[in-house]
Amino acid sequence: MEFFYGRQRELDVIDEIYAQAENHACFTVITGRRRVGKTELIKKSLEDKKGAYLFTSRTTEKSLCERWQEILRESLGLRIFGQVQTLSDLFGQIMDYSRQQHFTLVIDEFQDLEFVNSAFFSQMQDLWDSRKADSKISLIACGSVYSMMTRIFREQKEPLFGRATHFMHIKPFAPSVVKQILGDYNPGYAPEDLLCLYMLSGGVAKYVFLLMFAGATTKRRMLRCVTNMASPFLIDGKDILINEIGKDYGTYFSILCAISGGLTSQSEIDSVIQKNTGAYLQNLQKVFGIIEPVRPLCARPESRGIRWRIVDEYMRFYFRFIYANQDLIELGSYDTLRERIERDYEPFTGMTLERYFTAKIIEDEQPARIGGWWDRKSLNEIDIITVNDAEKTCTAYEVKRQRKKIDLAALEQKCQTFMQNLPGYTCTVQGLSMEDM
């Protein structure tokens with residue numbers, strides 16, 4: 001059975017960059033959340049190319065250089081001269097070698113080089129600037145810690161600012177790929193199975209395959225797998241975010257619990273946390289990339305009425321059901337944990353279904369604009385609206401788990417209010433249920 005799915009476009013881009021590097025050096029930055037499949041993508045791209053894959057471990061500089069020298073010799077035939085014990089000396093010889101040889105060099109978990117030698121990025125900048133002109137290297141820096149990779153390459157005061165020639169952000173699998181994988185492992189899957197898989201994984205490759213390899217291809221088996229005492233789903237959320245946020249995560253985690261529980265305005269969050277959370281929300285968005293603000297479609301950028309949402313589906317599930325029930329996990333009450341998930345599963349997955357269809361519409365139609373809409377008092381809401389500015393048309397969608405609960409007449413009434421934002425446009429309405437997944 002096929003293991004590698006859904007990354008042909010990314011592979012094509014990496015191939016194009018590799019071809020460009022034969023004429024001039026290329027420096028590509030690849031980011032994306034942990035478990036999304038960056039390493040598998042990179043290793044796949046190296047299968048038919050001359051290249052070396054180097055993983056950054058937080059060890060001594062001397063030890064890392066020794067390990068990397070072995071890999072460079074085995075992968076590229078590059079023999080390092082002298083007793084190289086510093087990253088700068090090693091990188092200098094790699095750049096010299098790239099003047100005669102065309103190859104790819106991947107440095108994975110690139111941000112961790114800062115822990116090995118905090119001065120290396122400045123040294124790397126000097127070596128890259130002085131030797132890239134006649135180099136044939138396709139250098140790929142891959143990293144999972146969003147805040148650190150953003151700082152290293154996007155902040156002007158950092159030595160590697162402006163050095164990257166290409167940026168790639170690897171996203172979770174699109175809905176069609178999640179469906180393909182589930183169909184390969186369970187050809188007779190039900191819509192509920194697909195919705196549960198999307199709730200738990202959001203298309204993140206590692207989570208999808210953890211479930212598939214465990215034989216958890218139905219909703220019932222997935223929830224049993226996730227609430228097993230040895231399940232990585234019980235600890236991964238905390239482990240990943242501590243890497244981003246650090247040890248002082250208490251307030252941040254409380255905010256994420258509130259958002260996952262349906263408290264999406266700052267005033268609601270403040271009332272629960274009992275402090276002004278504005279700075280925390282900004283950090284969660286701009287520094288850590290964990291949440292994002294959502295405004296009604298067609299609202300002005302400066303308008304109020306922002307709702308906050310967790311970007312990642314697994315993180316949304318984790319804070320709603322796992323982190324919020326740590327007492328049960330510490331007691332080993334896994335059956336009770338699963339019962340709580342099942343009790344609140346339907347209302348929670350109502351929003352999951354909206355997010356699934358939003359991603360599906362983006363994948364299938366690539367609309368110019370897409371989002372939800374609500375009035376100032378949040379009395380009238382439209383789940384999803386797409387706008388085609390070229391044809392001056394829009395489509396409003398009501399999303400329900402069951403088709404019989406969709407009320408298109410009420411949706412048309414809401415559209416009349418929304419269309420005041422788009423004079424001259426026409427609007428059609430459509431219902432989406434689990435049957436349409």
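The values are calculated or read from the model by the stated rules, or taken from the named source; none is laboratory data. Fair warning: this is a prediction, and the values are worked out from it, not measured in the lab. In this analysis, Cβ positions are derived from the backbone assuming ideal geometry, glycine residues included, and neighbour counts consider all displayed protein chains. Protein only, heavy atoms only, side chains kept; ligands, DNA and RNA dropped before computing areas. Shrake-Rupley method; radii C 1.70, N 1.55, O 1.52, S 1.80 Å.
Odds and ends about this structure:
- Virtual paramagnetic centre 7 Å along Cα→Cβ of TYR425, amide N under 17 Å, in the stretch 366-389: 366-376, 381-389
- Estimated inter-spin distance, GLN402 and GLN274, nm [label 7 Å along Cα→Cβ]: 4.1 nm
- Rounded to whole numbers, the Karplus 3J(HN,Hα) couplings from phi for the stretch 50-63 are 6, x, 9, 10, 10, 9, 8, 9, 7, 10, 6, 4, 4, 5 Hz, using 6.51 cos²θ - 1.76 cosθ + 1.60 with θ = phi - 60°, and x at Gly and Pro.
- Top of PHE161, PHE317, PHE348 by mean-square fluctuation, Gaussian network on the chain, Cα under 10 Å: PHE161
- Theoretical FRET efficiency, 1/(1+(r/R0)^6), r = Cβ-Cβ of ARG58 and LYS157, R0 30 Å, to 0.05: 0.80
- Label point distance in nm, ALA390-ARG224, each placed 7 Å from Cα along Cα→Cβ: 5.0 nm
- Loop-located chymotrypsin sites (Phe, Trp or Tyr not before Pro) in the stretch 1-79 (DSSP state other than H, G, I, E, B) with a sparse environment of at most 12 neighbouring Cβ atoms within 10 Å: PHE3.
- Among the protein heavy atoms, those of VAL272 account for about 80 Å² of accessible surface (1.4 Å probe, every chain in place).
- For the stretch 1-115, the Cα gyration tensor yields ellipsoid semi-axes of 25, 18, 12 Å (square root of five times each eigenvalue, largest first, whole Å).
- When shorter helices are ignored and each DSSP H run of at least 4 residues is given -39500 (n - 2.57), the per-residue value for the chain at 222 nm works out to -13500 deg cm²/dmol.
- Computed over the stretch 248-329, the ratio Rg/Rh where both radii use C-alpha atoms and Rh is Kirkwood: 0.98
- Which label in (1) 1.00; (2) 0.96; (3) 1.31 gives the computed Rg/Rh (Cα atoms, Kirkwood Rh): (1)
- Taking all C-alpha pairs of the stretch 321-437, those more than 19 Å from each other amount to 55 percent.
- Taken one residue at a time, the phi angles of the stretch 89-95 give Karplus couplings (6.51, -1.76, 1.60, θ = phi - 60°) of 5, 5, 5, x, 5, 4, 5 Hz. Gly and Pro are set to x.
- For the chain, the residue among VAL272, ILE42, GLN111 whose Cα projects farthest onto the positive side of the dipole built from Cβ charges is VAL272.
- In this rough spin-label picture, where each label sits 7 Å from Cα along the Cβ direction, the THR336-GLN282 distance is 4.2 nm.
- Share, in percent, of DSSP beta bridges within the chain that are antiparallel, nearest 5: 35 percent
- Max mean-square fluctuation residue, GNM over the chain, Cα-Cα springs under 10 Å, options GLU22, GLU192, GLU330: GLU330
- Share of alpha-carbon pairs per 5 Å distance bin for the stretch 308-363, given as whole %: 4, 17, 24, 22, 14, 10, 5, 3, 1
- Within the listed set GLN93, GLN274, GLN285, the Gaussian network model of the chain (springs between alpha-carbon atoms below 10 Å) gives the highest mean-square fluctuation for GLN274.
- Heavy-atom surface of the stretch 6-136, accessible at 1.4 Å and reported per residue (Å²): 47 Å²
- The stretch 225-278: chymotrypsin sites (Phe, Trp or Tyr not before Pro) in DSSP coil with no more than 14 other Cβ atoms inside 10 Å: TYR249
- Rg over Rh [alpha-carbon atoms, Kirkwood Rh] for the stretch 78-229: 1.15
- Amide hydrogen neighbours beyond the local backbone of PHE55, cut-off 5 Å, H modeled: ASP108
- Amide H contacts for VAL429 (H built 1.01 Å from N in the peptide plane; partners 5 or more residues away or on another chain; cut-off under 5 Å): ALA396.
- Sparse-neighbourhood loop sites, trypsin sites (Lys or Arg not before Pro) in the stretch 122-204 - DSSP loop, at most 12 other Cβ within 10 angstrom: LYS157
- Sulfur and carbon atoms: percent of accessible area, the chain [1.4 Å]: 46 percent
- Distance between the stretch 62-134 and the stretch 252-315 - C-alpha centres, whole angstrom: 41 Å
- Taking every protein chain into account, the accessible area of the stretch 294-427 amounts to 55 square angstrom per residue (probe 1.4 Å).
- J(HN,Hα) series, the stretch 234-246, from Karplus relation 6.51 cos²θ - 1.76 cosθ + 1.60, nearest Hz, glycine and proline x: 7, 10, 5, x, 5, 4, 5, 6, 5, 4, 7, 8, x
- Count, lysine Cα pairs under 22 Å in the stretch 107-242, 8 or more residues apart or across chains: 8
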